[in-house]
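Undergrad: Sharing a structure here in structure tokens format.
The values are calculated or read from the model by the stated rules, or taken from the named source; none is laboratory data. None of these values were measured; they are calculated from a predicted model. Note that each Cβ is placed from the backbone with ideal geometry, even for glycine, and that neighbours are counted across all protein chains shown. Heavy atoms of the whole protein, side chains included, go into the accessibility calculation; ligands, DNA and RNA do not. Shrake-Rupley method; radii C 1.70, N 1.55, O 1.52, S 1.80 Å.
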2 protein chains.
Amino acid sequence: MADLIARLRDALGPAGLLTDAADLEPFAIDWRRIFPGRPACVARPASTDQVAAVVRLCREAGVAVVPQGGNTGLAGGAVPDASGRQVVLSLGRMTAIRAIDPVGLTMTVEAGCVLRLAQEAAGRAGRLLPVSFAAEGSAMVGGAIAANAGGLNVVRYGMTRGLVLGLEIVLADGTVVDGLRALRKDNAGYDWKQLFIGSEGTLGIVTAAVLRLVARPRHVATALLAVPDPAAALRLLTLAQEELGDSIQGFELISDTSLALVARHHGLASPVGAKGWHVLIEAASSLPGLREAAEGVLATALEREDATDGVLAESGQQAAALWALRESVTESEAREGRSVKHDVSVPITAIPAFLDEAGAVLAAGAPGTRVNAFGHMGDGNIHYNVLVEPAHDADAINRLVHGVVDRFGGSISAEHGIGQYRVAELARHKRPEEIALARRIKAALDPDGLLNPGKVLARS
Amino acid sequence: MADLIARLRDALGPAGLLTDAADLEPFAIDWRRIFPGRPACVARPASTDQVAAVVRLCREAGVAVVPQGGNTGLAGGAVPDASGRQVVLSLGRMTAIRAIDPVGLTMTVEAGCVLRLAQEAAGRAGRLLPVSFAAEGSAMVGGAIAANAGGLNVVRYGMTRGLVLGLEIVLADGTVVDGLRALRKDNAGYDWKQLFIGSEGTLGIVTAAVLRLVARPRHVATALLAVPDPAAALRLLTLAQEELGDSIQGFELISDTSLALVARHHGLASPVGAKGWHVLIEAASSLPGLREAAEGVLATALEREDATDGVLAESGQQAAALWALRESVTESEAREGRSVKHDVSVPITAIPAFLDEAGAVLAAGAPGTRVNAFGHMGDGNIHYNVLVEPAHDADAINRLVHGVVDRFGGSISAEHGIGQYRVAELARHKRPEEIALARRIKAALDPDGLLNPGKVLARS
């Protein structure tokens, strides 16, 4: 290892390699401090060629490379194991925004650019980069791509995958593949970039990307509605789709338990009553008539008794106050105590039945737990978190919830990925043919198993 | 081969296998009759299990399989070679629409379902399947996925890839992989379905899919504008993006030459004058105010002199008349004489410069040719067709045009794919690292090279 470290220092210069224990610490563990590891060193390449050099040197030494961006992942996908024999490759020095094209609606960004800085640069050009999630102030573009990040406006703009037009990748053997094309349509050969999006650094390392921008919608309408139950929320979703179409950019479900937690720990009261479930709808468009349509949705929902109360924000400030309710749920849950989190998706139509059945299964199989369910209903993605007492077994609760997910043809990771956290669950949840296919892809692209080993797939 | 045919007949029954020369003919050649082939037989499985059986039997016999849907492709990707030793696997008997969920906005369809029938079924459920292109009355869903079809509303809904939520695939060894999940978000492991979308049947055979539906927009605005030149059309695109946002579902450029051809061969006159270039804009939304916004775009474009004339359709009939101009271009070109077609894309901002430079290169390198350029400007996709005399050499013209495409970082196949038609051009156009990566993917998934050999990649 000393030999490898010397070679890495030669290749990267003194600023490009960290070896002191104190310097390594922030790269050794995820921000939730759930997955502690111990890197041999942290390589900080400043260019794509340096990334390639690191990969080649590590490969020659038979040492694994763990790519890391902003280290904001929720599944431990970007931190090394505890062996002290893995090299963390931080993209944090590759921060350039190489180009912005406000007419063609594209931007070319290096992997280590913090997402918020990319958003702001797009904003200065009068355009919107619609990848947006809670950790955007620290998360980096490369990590968002490697994780196929979801977030708050997937219902409108899709996952990160749909916004990636081109990629530059360093393969497991150090080959640089430059696919930084700023094209909306390209059917010339296999679309190989798709393999690297969402594969969490296990097949190659994203060093730069061309992202799609959109025109900034001029008007926004944000509404909060109290609904009797999730079935009513589902009818409301259909109504909103019919009236607002793809101007809908958020359709969030907040359970009664979530609201109670937010009231208790943040002192935030819902303006539409503390009882029942809530739906937060946000739509945006440059067309006149957005507000009129949103008012129509509200009126119709009340008339049909799919909502018991509702409010449409009169200002950006009021809209922010409505969003604060939703955005405080996670922190309120943390203050309440220990929880077992699930980031699941099911077919949207199945959400009410899923919530019923999962609740019943937990009541029977894990008495004393409480469910804090909320999330991106418009995408079928529910953060189904279970508040537990010390006596409860997290693995058993995972299995109960994911068993119900399976019965509805759902996913055990809608947006957070697999990382190291869900590897065993994934193997249980996926069909053997799918696991075999994934292993075949991994073997083809990383035959020595040196790219982020043990993430997504168990070491073979 | 006689032995294989007997086994296939056993597996499929008499209705499942065609061997008579007259029966084989429609499967032997593409509809444009450019790529004649000769199949050993045509297997017509009626189920996924039968598809798997065909693939296994052919593999045991070392015989190649060529999957075929509606056989409407433009690059010869779905027809066999002339050896008489390839088996065409037609998906045409797998036509079921297995499920439609108008609330969750998904439909599950077998590969052999004709696209228009799928669209109509979605329509009966009050929803829209937004994959739409000229051949939709014959093209099948599986082929649209295998080709990652583009078409008329990509600017809004993206390519077919973006509308595929789940796939069922038969691999080269006959393994069935069932990924028919109706989920909008799923980050549980590698998104392996992406490999099969757009790979033209060379990595696996699509047998069924879950497609995304959308709410049907209530209002449509269709406008035709005469513009001084492509640079003005580009300014008009930015104006439209700012005013109409993602309600834009078509932004088509029609060159002066295209208009003249349509006038000559179809007798269709433009309502906004026969001179100059034209832009056809279509936007759709359920929000009130769409028409007002479209009128605003027209007025501003005229005021800025980015348009010299313009008309907004007053009825569906008028809108259809405007579209007829655009849709008659291809047929008019055919009536005019021989042409060398190019389906290219460049960064949208580069379109005016690309048109200038390609025109200059052709004038110098292939005097006597005329350019018939038109297409999906909102996607950066230009059908850059070159009208030629018998003396002109098609390959030389391809190389001239694609050379300019390369200089602009473009694609030599924006939406039609590679098939057998562009295999050699692809090898010239792509970086060696990309070709090597594509070959590695092919070798991993089809190690014996028996799935649609010679398509996309040259036989190795």
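Undergrad: Based on the Kirkwood radius over alpha-carbon pairs, what is the Stokes-Einstein translational diffusion coefficient of the protein assembly as shown at 20 °C with 1.002 mPa s viscosity, in µm²/s? Could the numbers behind the result be given before it?
TA: Working: Rh = 28.7 Å.
D = 75 µm²/s.
Undergrad: Continuing with this model, one more query. Please calculate how many Å² of accessible area chain B carries per residue, with a 1.4 Å probe and no DNA, RNA or ligand atoms counted. Write down the numbers at each step before the final one.
TA: Working: 16010 Å² over 460 residues.
For chain B, the solvent-accessible area averages 35 Å² per residue.
Undergrad: So if I place +1 on the C-beta of Lys and Arg and -1 on the C-beta of Asp and Glu, and nothing else carries charge, what would the dipole magnitude of chain A be about its Cα centre? I want it in debye, nearest 20. Mind dumping the intermediate values first?
TA: Numbers: 44 positive and 51 negative charges, 207 e Å.
Charge dipole of chain A: 1000 debye, to the nearest 20.
Undergrad: So if I take the centroid of the Cα atoms in segment A:1-80 and the same for segment B:78-100, what is the distance between those two points in Å?
TA: 49
Undergrad: Another one. Report the FRET efficiency, 1/(1 + (r/R0)^6), for A:Thr19 and B:Glu389, where r is their Cβ-Cβ distance and R0 is 51 Å, rounded to 0.05. Kindly include the intermediate steps, with their values, before the conclusion.
TA: Details: r = 70 Å, r/R0 = 1.37.
After rounding to 0.05, the efficiency reads 0.15.
Undergrad: Accessible area, 1.4 Å probe, largest first: how do B:Arg459, A:Arg156, A:Arg235 sort? Walk me through the intermediate numbers first.
TA: Details: B:Arg459 140, A:Arg156 40, A:Arg235 120 Å².
The ordering from most to least exposed comes out as B:Arg459, A:Arg235, A:Arg156.
Undergrad: Calculated FRET efficiency, A:Ala231 and A:Ala363, Cβ-Cβ r, R0 22 Å, to nearest 0.05?
TA: Details: r = 19 Å, r/R0 = 0.88.
With R0 = 22 Å, the Cβ-Cβ based efficiency is 0.70.
Undergrad: How tilted is helix B:2-12 with respect to the longest principal axis of chain B? Cα atoms for both, answer in degrees (0 to 90, nearest 10).
TA: Roughly 80 degrees between the two axes.
Undergrad: Same structure, new question: Of all alpha-carbon pairs in segment B:1-139, indicate the percentage at a distance above 25 angstrom.
TA: Values: 3137 of 9591 pairs.
When all Cα pairs of segment B:1-139 are counted, 33 percent exceed 25 Å.
Undergrad: Charges on Cβ only, +1 for Lys and Arg, -1 for Asp and Glu, centred on the Cα centroid of chain B; of B:Ala15, B:His376, B:Gln420, which one is farthest towards the dipole's positive end?
TA: Selected residue: B:Ala15.
Undergrad: Assign one of three labels to segment A:219-330, namely rounded, prolate or oblate, based on the Cα gyration tensor with a ≥ b ≥ c the square roots of its eigenvalues; rounded applies when a/c is under 1.5, prolate when it is not and a/b is larger than b/c, and oblate otherwise. Don't skip to the answer; put the middle values down first.
TA: Working: a/c = 2.01, a/b = 1.36, b/c = 1.48.
Oblate, since a/c reaches 1.5 and b/c is not below a/b.
Undergrad: If you average the C-alpha positions of segment A:216-253 and of segment A:276-304 separately, how far apart do those two centres end up, in angstrom?
TA: Rounded to whole Å, the Cα centres lie 6 Å apart.
Undergrad: Pairs to check: A:Lys185/A:Lys430; A:Lys341/A:Lys455; B:Lys275/B:Lys341; A:Lys193/B:Lys185; A:Lys455/B:Lys455; B:Lys275/B:Lys430. Give those whose C-alpha atoms are more than 30 Å from each other in this structure.
TA: From the list (A:Lys185/A:Lys430; A:Lys341/A:Lys455; B:Lys275/B:Lys341; A:Lys193/B:Lys185; A:Lys455/B:Lys455; B:Lys275/B:Lys430), the Cα-Cα distance tops 30 Å for A:Lys185/A:Lys430; A:Lys455/B:Lys455; B:Lys275/B:Lys430.
Undergrad: Given the C-alpha centroids of segment A:360-425 and segment A:128-198, what is the distance between them in whole angstrom?
TA: 27
Undergrad: Buried accessible area for the A:B pair, summed, 1.4 Å probe, in Å² rounded to 100?
TA: Values: alone 19600 and 19570 Å², together 32040 Å².
By this definition, chains A and B bury close to 7100 Å².
Undergrad: Working from Cα positions, state the angle (0 to 90°, nearest 10) between the long axis of helix B:230-244 and the longest principal axis of chain B.
TA: Around 80 degrees separate the two axes.
Undergrad: If you put +1 on each Lys and Arg Cβ and -1 on each Asp and Glu Cβ, how big is the dipole of segment A:125-283 around its Cα centre, in Debye rounded to 20?
TA: Details: 13 positive and 14 negative charges, 76 e Å.
Here the size comes out at about 360 debye.
Undergrad: Once you list every other residue whose beta carbon is under 12 Å from the beta carbon of B:Ala334, what net charge do they have if Lys and Arg are +1 and Asp and Glu are -1? Walk me through the numbers on the way to the answer.
TA: Values: positive: B:Arg32, B:Arg335, B:Arg338, B:Lys341; negative: B:Glu331, B:Glu333, B:Glu336.
Every neighbour counted, the sum reads +1.
Undergrad: How much net charge surrounds B:Asp3 when only the other residues with a Cβ under 15 Å from the Cβ of B:Asp3 are counted, with Lys and Arg +1 and Asp and Glu -1?
TA: Values: positive: B:Arg7, B:Arg9, B:Arg56, B:Arg59, B:Arg85; negative: B:Asp10, B:Glu60.
Residues close to B:Asp3 contribute a combined charge of +3.
Undergrad: What percent do you get for the relative contact order of chain B when only Cα pairs under 8 Å and 6+ apart count? Intermediate results must be reported in sequence, preceding the final value.
TA: Details: 984 pairs, mean separation 67.9, N = 460.
Result for chain B is 15 percent.
Undergrad: Further question on the same structure: What FRET efficiency comes out for the pair B:Asp49/B:Ala396, r = Cβ-Cβ distance, R0 = 60 Å, nearest 0.05? The partial results should precede the final answer.
TA: On the way: r = 49 Å, r/R0 = 0.81.
Efficiency at R0 = 60 Å is approximately 0.75.
Undergrad: Then there's this: Would you mind calculating the relative contact order of segment A:2-90 from Cα pairs under 8 angstrom and at least 6 residues apart, reporting the percent as a whole number?
TA: Values: 160 pairs, mean separation 31.7, N = 89.
It comes to 36 percent, rounded to a whole number.
Undergrad: Under the definition of Cα pairs under 8 Å and six or more residues apart, what whole-number percent is the relative contact order of segment B:337-418? Intermediate values should be presented prior to the final figure.
TA: Working: 127 pairs, mean separation 39.1, N = 82.
Reported as a whole number, the value is 48 percent.
Undergrad: Moving to a separate point now. Students often get this wrong: which residues of segment A:106-149 have the backbone nitrogen under 17 Å from the point 7 angstrom along Cα-to-C-beta of A:Arg218?
TA: What the label zone holds, given the 17 Å backbone N cut-off, is A:126-128.
Undergrad: When the helices in the protein assembly as shown are scored as -39500 (n - 2.57) per DSSP H run of 4 or longer and the sum is shared across all residues, what 222 nm value do you end up with, to the nearest 500 deg cm²/dmol? Please list the in-between numbers first.
TA: Values: 32 runs with 333 residues, N = 920.
That calculation yields -11000 deg cm²/dmol at 222 nm.
Undergrad: Evaluate peptide B:238-250: per residue, the Cβ atoms of other protein chains within 10 Å of its Cβ; return the mean as an integer. Let's see the in-between values first.
TA: Values: counts 6, 0, 1, 9, 7, 5, 4, 12, 11, 6, 1, 0, 0.
The per-residue average across the peptide is 5.
Undergrad: Rg (Å, one decimal) plus Dmax (Å, integer) for the alpha carbons of segment B:317-460?
TA: 17.1, 54
Undergrad: Give me the distance in nm between label points sitting 7 Å out from Cα along the Cα-to-Cβ direction at A:Ala424 and A:Ala121, one decimal.
TA: 4.2
Undergrad: Using a probe of 1.4 angstrom, how much of the accessible area of chain B is carbon and sulfur, in percent?
TA: Working: 8400 of 16010 Å².
Solvent-exposed carbon and sulfur of chain B make up 52 percent of the total.
Undergrad: Something else: Around A:Ala436, what is the net charge, scoring Lys/Arg as +1 and Asp/Glu as -1 over all other residues with Cβ under 14 Å from its Cβ?
TA: On the way: positive: A:Lys430, A:Arg431, A:Arg439, A:Arg440, A:Lys442; negative: A:Glu433, A:Glu434, B:Asp173, B:Asp178.
Local net charge: +1.
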